[in-house]
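Input: a single structure, listed below in structure tokens.
The values are calculated or read from the model by the stated rules, or taken from the named source; none is laboratory data. Here the structure is a predicted model, which means the values were calculated and not measured. No Cβ is skipped: glycine too gets one built from the backbone with ideal geometry, and neighbour counts run over all protein chains shown.
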Amino acid sequence: MSGPVEVMESRESVVGTMTVRRALPRARRRTVGAWCFVDHFGPLAVGPDGGIDIGPHPHTGLSTVTYLLDGQVLHRDSLGSEQVIRPGQLNLMTAGRGLSHAEEPTGHYAGTMHGVQLWVAQPEATRHGDPAFEHHEELPRVELAGADVTVLVGELVGARSPARQDTSLMGAGIDLRPGGAELALDPSYEHLVVVLDGILVLDDGTPLRPGSSGYLGVGRDELSLTAPDGARVLLLGGVPFEEQVVMWWNFVGRSRDELAEAGRQWTAGDERFGRVDSPLPRVPLPA
Ligand code: MN
């Protein structure tokens, strides 16, 4: 990466039984575009009942974006969706005013688990709207001189994802061949490059490994990615999100009171969050 890059270290966090690298939110930077939560998990070896194993829990005001490099996860939600996701596919669940979901082992997949789960804050215009779920089995893939690009959300290198977007943003998985690649960027977007596998080398020789990411401010129209031995990265971008976001537990809103009310409703079994047909126990509100 050339030009000014702000290196950000992820923090380790435990989700269910897995330790993840959380690239967002960080103290200095809460959002990149409307991306407000970036968890990178694996690679780790899992058995048929291992890996992501999270019982029914609620969300409000955000979309979850799930993308796998390896493995399988079974998604179930209160809309009645039941969907296995595999590498290269996309699950995009939009909470709006509220829903609940579970993420479970498939019961048969054994092997490597490696992927990301991301949240996108919804804008005021849609955050009180209906919940929804999308699964995209095929995503646009573009082969460049030094990389294969899979567009998850929004647009990159002339390819546009069919996935829903409520704000101006993009997300892409980039597999760099040894050497690297150059990409054109939308200069109205800020960007975050999250290293998922291998080593990315900055202009001054600084290596970025999984657990590190590079933030790029608005005003750039190109990105040069250098990876002498190849690497896999996630590129996220968007127009800086100006609405004041408050995040607590699995809720995104605009005030503490609003989120506390959502928490009380989850505990009370309020119909706002529906019901998930899952064998796993419901996740209680944290103390
Ligand atoms: Mn969730």
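Being under 16 Å from residue 253 (Cα atoms), among the β-branched types (Val, Ile, Thr) and either touching a Pro at 6+ places or on another chain (Cβ under 7 Å) or away from the ligand (no atom under 16 Å from the Cβ) (or both) is true for just one of 94, 64, 60, 112. Which residue is that?
Step by step, each of 94, 64, 60, 112 is checked, and only 94 is under 16 Å from residue 253 (Cα atoms), among the β-branched types (Val, Ile, Thr) and either touching a Pro at 6+ places or on another chain (Cβ under 7 Å) or away from the ligand (no atom under 16 Å from the Cβ) (or both).
Conditions tested, residue by residue: (1) within 30 Å of residue 82 (Cβ to Cβ); (2) among the small types (Gly, Ala, Ser); (3) part of a strand (DSSP E or B).
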{"residue": "233", "(1), (2), (3)": "no, no, yes"}
{"residue": "247", "(1), (2), (3)": "yes, no, yes"}
{"residue": "261", "(1), (2), (3)": "yes, no, no"}
{"residue": "275", "(1), (2), (3)": "yes, no, no"}
{"residue": "282", "(1), (2), (3)": "yes, no, no"}
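I'd like the full set of residues that are touching a helix residue (DSSP H, G or I) at 6+ places or on another chain (Cβ under 7 Å) and outside any strand (DSSP E or B), limited to segment 26-81.
Listed by number, the list holds a single entry, 78.
Using beta carbons and a limit of 7 Å, which pairs, at least six apart or on different chains, have the first residue in segment 11-30 and of a type in the set (A, V, I, L, M, F, W, C) and the second one surrounded by fewer than 16 Cβ atoms within 10 Å (Cβ to Cβ)?
Matching pairs, first to second residue: 20/13.
Condition check ((1) among the aliphatic types (A, V, I, L, M); (2) within 21 Å of residue 272 (Cβ to Cβ); (3) modelled with pLDDT under 95) across all residues:
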position: 10; (1), (2), (3): no, no, no
position: 14; (1), (2), (3): yes, no, yes
position: 27; (1), (2), (3): yes, no, yes
position: 38; (1), (2), (3): yes, no, no
position: 53; (1), (2), (3): no, no, yes
position: 95; (1), (2), (3): yes, yes, no
position: 100; (1), (2), (3): no, yes, no
position: 103; (1), (2), (3): no, yes, no
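Are there any pairs, at least 6 apart or on different chains, whose C-beta atoms fall under 9 Å, with the first in segment 243-262 and at positive phi and the second within 16 Å of the ligand (Cβ to nearest atom) and part of a strand (DSSP E or B), and if so, which?
Cβ pairs passing all conditions: 249/57; 249/58.
Where residues in segment 40-57 are small (Gly, Ala, Ser) and within 16 Å of the ligand (Cβ to nearest atom), which of them is surrounded by the fewest Cβ atoms within 10 Å (Cβ to Cβ)?
Selected residue: 55.
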